[in-house]
Structures are given as structure tokens and as C-alpha cells.
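Student: Sharing a structure, written as C-alpha cells. Questions coming.
The values are calculated or read from the model by the stated rules, or taken from the named source; none is laboratory data. All values reported here derive from a predicted model rather than from experimental measurement. Glycine also receives a Cβ, built like all others from the backbone with ideal geometry; neighbour counts cover every protein chain displayed. Areas reflect the complete protein model, heavy atoms only, side chains present, ligands, DNA and RNA absent. Shrake-Rupley method; radii C 1.70, N 1.55, O 1.52, S 1.80 Å.
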Amino acid sequence: MSQPSSVDELSSPSDFISRMRHTTAHVLAQAIRERMPEAQMGIGPVIDNGFFYDFQLPEQLSEDDFPAIEARMRQIVKADLPMVRWSEPREEARKRCEELSQTFKVRLIDDLPDEAEISFYQQGDFVDLCKGPHIESTGKIGAFKLMSIAGAYWRGKAENEQLTRVYGVAFETQDELDNYLIKLEEAKRRDHRVVGKHLKLFHIDDAVGQGLVLWTPAGGAIRTELQNFISNELRKQGYDQVYTPHIGRLELYKTSGHFPYYAESQYPPLVQREFLAALASDGCTCGELSNKLSDGDVEGYLLKPMNCPHHIKIFASQRHSYRDLPIRLAEFGTVYRWEQSGELNGMTRVRGFTQDDAHLFCTEEQVPGEIQGCLQLVKTIFGTLGMTDFRVRVGLRDPDSSKYVGDPANWDKAEAACREAAMTLGVPFSEEPGEAAFYGPKIDFVVQDVIGREWQLGTVQVDYNLPVRFDLTYTGADSMPHRPVMIHRAPFGSMERFVGVLIEHFAGSFPTWLAPEQVRILPIADRHAEWCEALKTRLVEAGIRATVDSRSEKTGKKVAEGQVARIPYLLVIGDRDIAAGNVSVRHRELGDLGGRSVDQFMDDLLHEVRERLLAPIPPVKEV
RNA sequence: GCCCACGUAGCUCAGUGGUAGAGCACUUCUUUGGUAAAGAAGAGGUCAUGGGUCCGAUUCCCAUCGUGGGCUCCA
């Protein structure tokens, strides 16, 4: 679901469908109020495809109640009640809401600016504070359906009351609604969790833990290809590969500022045995433990929530001249974060994930060029994968927040560099105040999943903070120590999330270079199996992921299963092929391509894989 | 973490207050078949886990764990 599409939560866009959806929300509120007269109403805005309305209810509402509520809503629609609007002075309006005991509406009025017009809408005997606009009468409402119930905090703040949010969708006609519901079903079929299970790409096991992804052989093949791809690009751009362990001393993260500041979003520290024993015998409380941890009285290790401190220590392990810079340290680094359980989602939101991470250490002057280089890499990767549907977000400081560290003057420079680099990408981008990391501005690349949720993939972040915290220096031309600037960047984001998004992007039909199984050879009869095995060996030796389906099944069945498994190439082999030294090629999308020589097939296939083509070159059918 | 829903065979799902079913997958046999699914037989489940109500619970109630959709959060 999406955010309220209006900036002002009391109003909604004025096109017919939006007005109609908004009116449907009021009809829902009326039906709920009739059912539970004590219900308090929160806000009820228009969203993509529909609406929601928040209520504080005297008793629990369940989705089982939807049929009854929908039935009452249909009666209200059928009654064709006119939507009557009027406005009144603040005090009067306030009194009216108080009399209706709508305390949330009173709070809304109190938050309205002095000059705001305060208006109400009424249908039948149901009155609601609302800026509108609405349609003329409830009879104009088309087809609607209540979708789900969710808890939602008043004003979106966790410390506020939790309200019951009812989501609904509404369209002008039943056909449009049916169409929407069908599309939703289709989208669910390409959900990476569904496709991932079907194609056996990954597995998450209770016994291993929530949000901890197990890469199966098929998923592993995809990941390996992606990592090889990016490693090659990094080499071309002058990156050096490093490796670092999965844990580090608490001290390291105190220096970096990650601990205890972000302690709640990390796995608890690994503390020494002696301390655990002392804890058990002394009856030390959890509060004491956390105090001792943050005071530094306890030695311990942290599962790393980020790779930067380790990379920084590699940089700092040697003296650097300005002539060495920039230094670019890359690692597929696995990090662990304690995401809230309600937020976990397949591969796209997990607790352990591997970033295609790198940290660049450069001079102030090199920052714009390095950012450009990062964006070039992103362009290459997304271009190769045919991912054009993403947006760029430039995260800037929130003007009225003190959570940022570092020199504001440096921030200004960094923000300017990000803005300029983003502009050169040639894609639409938005500047978003408040989206910056605590240590610097950033450029994010955001994509949507099958049901329209946005996920952040790659990121490029400038950091003026950590070099100070770790007192990093390089020797300048003046032989004096200077402070380097750091850039964190991960164009894929994490392998988990990226592959999750890719599964949905390709709906499981990966381009040949990424496909876990690229070629499946189908002998028609048992007597062809030996020849097929030899062919497989030849393909495998050429670096192709090929298998033979030598079961005693009919060819039609083997073809069907190969298609369902989304394998790019099926080779049907019988007497005719063996006699001619040919393979009969069937492509996943293009169908039966007829016979061609083994050499020809391999040349084409290897070219397609080497060039990482999204689709095969148009086939030249041999006669 | 919070709200609502869900958890039955490897997968997709039916079903019931009297200890369970289908399709696909799997195993074996028959079949050796040229581009989307050949036939038969077999095997497979302490109905998520732990309590409670009941003569009896997979079914009803509670808790826990997990999953899904939201909310909050997100270095």
C-alpha cells in the first residue's frame, strides 16, 4: 500500500476517481459508526487504487466483519445520499467535533493554521470534518472492496495511540475492480518468494533464524555470476579486493559511533565467557549489563553491522601519500542487523546480508570525480540488466535536526557534489531533505517490487565523519598531514535484496548468462543418453551450466518441465540429430528453433553469455 | 515491537469435536516415445510447538514460534 497521496491529510485530489474514493472512505466511516457508535475517526485519505480510514474502536475489528460492513456500504451507496458541504468558524467546528466526541478531529482542527477554512461533509446523518472534495452523492460510487486491516499509529508516531486502519480499493466500474484484483493475483505470482520457492533459488529456515537467507545451488549460481560481473567492472575502475572477518571488537564500533548509538538495531554483543559467568552468579540485571557495555567495562565483539570500520583499519594500517589516492577497497561484505520482526520480507528485508561494498578514500578535490565513477558503475550494471525503471534520491540533511555529525561546511560541499553527480546520470531524481545518513549526504537508487513497494538498492554516500573519528590522514604535497574524505558505495545494495528484486524483474526468466541452468539436454530415447552426456560434458567444459534429463519420460513432458523451470535452452536429441551432429534447439521464449550444428549452437550460446545479452540474437534458422 | 490474518505430505491446497484427503513431485514396474505433461502400483503427515477445556482436540480456548499484509523503524 502507499502513502496518502495528498500533502494535506484533510483534502484529496479533485479528479473524479479520487473524489469518489474519498467519498467511499466516508461511506466506510458511516458504516463503521453505525456498527460501533463509539468509534473515533482518525484520518481517511485517498491512496493509490483506493483509500483507508483510521479508527479507534471500542472492540476489535476483524476481516471477517468485512462482508457485513460492505453490505451496509452498498446500501448507503444505493440510497444515493447527497454529500452536503459547509464550513464554519473554528470554535463552532471544534464544539461540533467535541459534541460528536471525535477527539482526533478536535486535534486535527487545533493543528490547522489560523487562516484555514474548516469544513464538514454530511451524508445522511453522518457528519465528518473534511476539506473534500467529494462527489455529489454516494450513488455515484462505483465498485469497491475492503482489503485489509492494519494497526496504524496516530500521526504515524509509535508513541501515539494505535488506531485500526481499514484499507479499501475503489474503481468506477466492477470491471475495473475485477481487473485490478486479477492484476494483483498476477503480481503475487511473480513475487520473489513464490518464484524463489518454485525455482528453488533460496530458502529461509526457522531453525537457522528469521531473516537469514540460505542460498541454494540455483540461487548461488545467480549470485556468483552477479559477483563476477561486478568484480570485473570494479577491476576496470581501479578497485582492490579485500577480505575482512564478520566480527570486530566493541571498541572499534565505539570509535566509529555505531555502538552503542545503534545498539538496538544490532545483534547483541558477544561478550567474554568470564563476564557471562559473572552475570549468572551475581544476578546482574540487564540494565547493568548494558551500562557496563556502553561504559566500556566489558570486552566484547559485535557482529559487524557495517564493513566500513574494518576497511578503515586497512587504510589506516599504512601511511599514505596524496599520490596513492584515491584508494578503493572493495569487498562482498556480509553484515548483520537486528531488523524488527514485522519488517522482515523474503530476500528484500533480512537480518544478514552481503553488500557489494567498497570504501573510497580520496582528497576533497577527488570527491566529485569518484562520485561520478560510482554512478557510471550503476549505469553499467542497471543497463546490462535492462533495469530502467528506477529513481534516484539525493538524501540531504533535515534542516531542523541535530542528529547529524560533522562540519556543516563540509556537508554543504558534499551535498553539492551529490546533486551534481546525480544530475549527470540523466534520470529523474529527487532531492529529499532528511534522508541523509547521520554521517553524510547520499545518493540512493530505488526500485519498486511487484506490489508497488519501494526498495532502496544501491547507494553512494559521502562521509566526512568517520575519517575524523578514526583520525585518518594522508601526506599532502606540502608534506603535511591532511584529512581524506570517505565514500561508501554499494551499487547493488545487498546481494539478497538485489537478487530478490531481479527475480521479480525477470519473473524468474533470467537472461542466459544469469540462468542457474542454462541448457537442458533432452534425449528422446534411452539410446541417445550417452551422446547427450558427451554433449553436456563439452558444454560444461566451455563454462555452460548444462544438465541432461535422461529419465524415461516422453519428450513432451520433459519439454513442459523445462519450460516451467524457465530454462533458456532445451536441446531435443534423437536419431536425426546424432546422425547429423546437430542439436534441435528450443528457446524458452522463441520456441522451437529447429536444428543446427553443435558448433554453431555453442558459438551463439557462448557469445550470448559472454556479452551478457538480455535475449538471444535473432535466430538464423538453418534449413 | 504493534494491529489483523494464516500455519494440514517436499509443493499447491481441501477437510473434520471421534487420531486425515486430492493434484503435482518422489520410488518401482510397464512404456522408448521428436517439442507443454503416458499408464499402474507404492511410499510419504506426532495436522507449527507447548499448555488448557472435553470421555475424546488437527478442529474450541490461551501462550509461544514462524509466515503474510500494514504501522513504526531503517547506518
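Student: Take the residues in the range A:168-199 that are open to solvent by 30 Å² or more (accessible area, probe 1.4 Å) and near RNA strand B (Cβ under 9 Å from one of its atoms); name whichever of them is nearest to A:Gly139 (Cα to Cα).
Tutor: Here the answer is A:Lys188.
Student: What are the pairs, 6+ residues apart or on separate chains, where a residue within the range A:503-515 that is under 11 Å from A:Ala615 (Cβ atoms) and in contact (Cβ under 8 Å) with a residue 24 or more places away in the chain has its Cβ under 6 Å from a residue that is in a helix (DSSP H, G or I) and among the small types (Gly, Ala, Ser)?
Tutor: none
Student: Among all residue pairs at least 6 apart or on different chains, which show Cβ distances below 6 Å where the first residue, located in the range A:137-158, is not assigned by TED's automatic domain parsing to the domain that holds A:Arg107 and the second is within 13 Å of RNA strand B (Cβ to nearest atom)?
Tutor: Taking only residues 6 or more apart or on different chains, not a single pair turns up.
Student: Right, here's the next one. Does A:Asp80 satisfy the criteria of being crowded, with 18+ Cβ neighbours inside 10 Å, among the acidic types (Asp, Glu) and assigned by TED's automatic domain parsing to the domain that holds A:Pro58? So that I can check it myself, show each step before the final result.
Tutor: Numbers: crowded, with 18+ Cβ neighbours inside 10 Å: no; among the acidic types (Asp, Glu): yes; assigned by TED's automatic domain parsing to the domain that holds A:Pro58: yes.
So A:Asp80 fails the test.
Student: Looking at the range A:391-404, can you tell me whether even one residue there is at pLDDT below 90 and within 30 Å of A:His203 (Cα to Cα)?
Tutor: yes
Student: Which residue, of A:Ala116, A:Ala68, is over 23 Å from A:Ser18 (Cβ atoms) and either part of a loop (DSSP other than H, G, I, E, B) or open to solvent by less than 60 Å² (accessible area, probe 1.4 Å) (or both)?
Tutor: Values: A:Ala116 fails: over 23 Å from A:Ser18 (Cβ atoms).
Of the residues listed, the single one that is over 23 Å from A:Ser18 (Cβ atoms) and either part of a loop (DSSP other than H, G, I, E, B) or open to solvent by less than 60 Å² (accessible area, probe 1.4 Å) (or both) is A:Ala68.
Student: Okay, moving on. Inside the range A:477-580, counting only strands (runs of 3 or more DSSP E) that do not spill past its ends, which hold 1 or more residues that are not assigned by TED's automatic domain parsing to the domain that holds A:Gly395?
Tutor: Output list reads A:519-523, A:546-548, A:569-573.
Student: When you go through (1) away from RNA strand B (no atom under 16 Å from the Cβ); (2) hydrophobic (A, V, I, L, M, F, W, C); (3) in contact (Cβ under 8 Å) with a residue 12 or more places away in the chain one by one for A:Ala116, which number turns out not to apply?
Tutor: Unmet condition: (3).
Student: Failed condition for A:Gly44, given (1) within 20 Å of A:Gly168 (Cα to Cα); (2) more than 16 Å from RNA strand B (Cβ to nearest atom); (3) crowded, with 22+ Cβ neighbours inside 10 Å, with all others met?
Tutor: Every condition holds for A:Gly44 apart from (2).
Student: Please verify whether the range A:597-614 includes one or more residues that are near RNA strand B (Cβ under 8 Å from one of its atoms) and within 24 Å of A:Gly196 (Cα to Cα). Even if it seems obvious, please write down each step before you answer.
Tutor: So the first thing to find is which residues in the range A:597-614 are near RNA strand B (Cβ under 8 Å from one of its atoms), and the list is none.
No, because not a single residue in the range A:597-614 is near RNA strand B (Cβ under 8 Å from one of its atoms) and within 24 Å of A:Gly196 (Cα to Cα).
Student: Continuing with this model, one more query. With more than 13 Å from RNA strand B (Cβ to nearest atom), under 21 Å from A:Lys131 (Cα atoms) and in a loop (DSSP other than H, G, I, E, B) as the only criterion, which of A:Ser14, A:Ser18 stands out?
Tutor: Just a single option satisfies the conditions, and that option is A:Ser14.
Student: Oh, and also: Can you find even one residue in the range A:458-472 that is in contact with a helix residue (DSSP H, G or I) (Cβ under 6 Å, 6 or more places away or on another chain), over 21 Å from A:Leu325 (Cβ atoms) and small (Gly, Ala, Ser)?
Tutor: The answer is yes; a qualifying residue exists.
Student: If I filter the range A:251-271 down to residues being hydrophobic (A, V, I, L, M, F, W, C) and near RNA strand B (Cβ under 10 Å from one of its atoms), which single residue comes out as nearest to A:Ile312 (Cα to Cα)?
Tutor: A:Phe259
Student: Additional query: Those residues that are more than 10 Å from RNA strand B (Cβ to nearest atom), open to solvent by less than 20 Å² (accessible area, probe 1.4 Å) and either within 17 Å of the chain's Cα centre (by Cα) or modelled with pLDDT of 90 or more (or both), I need them from the range A:438-465; list them, please.
Tutor: Scanning the range A:438-465 gives A:Ile443, A:Phe445, A:Val446, A:Val447, A:Leu457, A:Gly458, A:Val460, A:Val462.
Student: Residue by residue through the range A:522-547, note down the ones that are open to solvent by 20 Å² or more (accessible area, probe 1.4 Å) and touching a strand residue (DSSP E or B) at 6+ places or on another chain (Cβ under 8 Å).
Tutor: Answer for the range A:522-547, where residues must be open to solvent by 20 Å² or more (accessible area, probe 1.4 Å) and touching a strand residue (DSSP E or B) at 6+ places or on another chain (Cβ under 8 Å): A:Ile524, A:Ala529, A:Trp531, A:Glu533, A:Lys536, A:Val540, A:Arg545, A:Thr547.
Student: Is it true that some residue in the range A:420-437 is open to solvent by 30 Å² or more (accessible area, probe 1.4 Å), within 27 Å of A:Phe506 (Cα to Cα) and within 13 Å of RNA strand B (Cβ to nearest atom)?
Tutor: no
Student: Something else about it: Among the residues that make up the range A:231-244, is at least one of them touching a Lys or Arg at 6+ places or on another chain (Cβ under 9 Å) and farther than 24 Å from A:Glu370 by Cβ?
Tutor: The answer is no, given that none of the residues of the range A:231-244 is touching a Lys or Arg at 6+ places or on another chain (Cβ under 9 Å) and farther than 24 Å from A:Glu370 by Cβ.
Student: Which numbered condition trips up A:Gln227, out of (1) crowded, with 16+ Cβ neighbours inside 10 Å; (2) away from RNA strand B (no atom under 14 Å from the Cβ); (3) more than 21 Å from A:Pro305 (Cβ to Cβ)?
Tutor: Answer for A:Gln227: the failing condition is (1).
Student: From (1) open to solvent by less than 40 Å² (accessible area, probe 1.4 Å); (2) closer than 30 Å to A:Arg74 by Cα; (3) touching a Lys or Arg at 6+ places or on another chain (Cβ under 9 Å), pick out the condition that doesn't hold for A:Gly211.
Tutor: Every listed condition holds for A:Gly211 apart from (2).
Student: Let me ask something else about it. Just a yes or no: is a residue in the range A:400-419 open to solvent by 60 Å² or more (accessible area, probe 1.4 Å), among the basic types (Lys, Arg), within 29 Å of A:Leu614 (Cβ to Cβ) and in contact (Cβ under 8 Å) with a residue 12 or more places away in the chain?
Tutor: no
Student: Still on this model: Examine the range A:272-289 for a residue that is at pLDDT 90 or above, more than 13 Å from RNA strand B (Cβ to nearest atom) and of a type outside the set (Val, Ile, Thr), and state whether such a residue exists.
Tutor: No: the range A:272-289 contains no residue that is at pLDDT 90 or above, more than 13 Å from RNA strand B (Cβ to nearest atom) and of a type outside the set (Val, Ile, Thr).
Student: OK, next. Taking the residues in the range A:560-594 that are farther than 17 Å from A:Ala615 by Cβ and in contact with a Leu (Cβ under 6 Å, 6 or more places away or on another chain) as candidates, determine which candidate is nearest to RNA strand B (Cβ to nearest atom).
Tutor: Per the stated criteria, the residue is A:Val572.
Student: Kindly state which strands (runs of 3 or more DSSP E) lie completely within the range A:296-394 and contain at least 3 residues that are within 14 Å of RNA strand B (Cβ to nearest atom).
Tutor: Hits in the range A:296-394: A:327-336, A:352-362.
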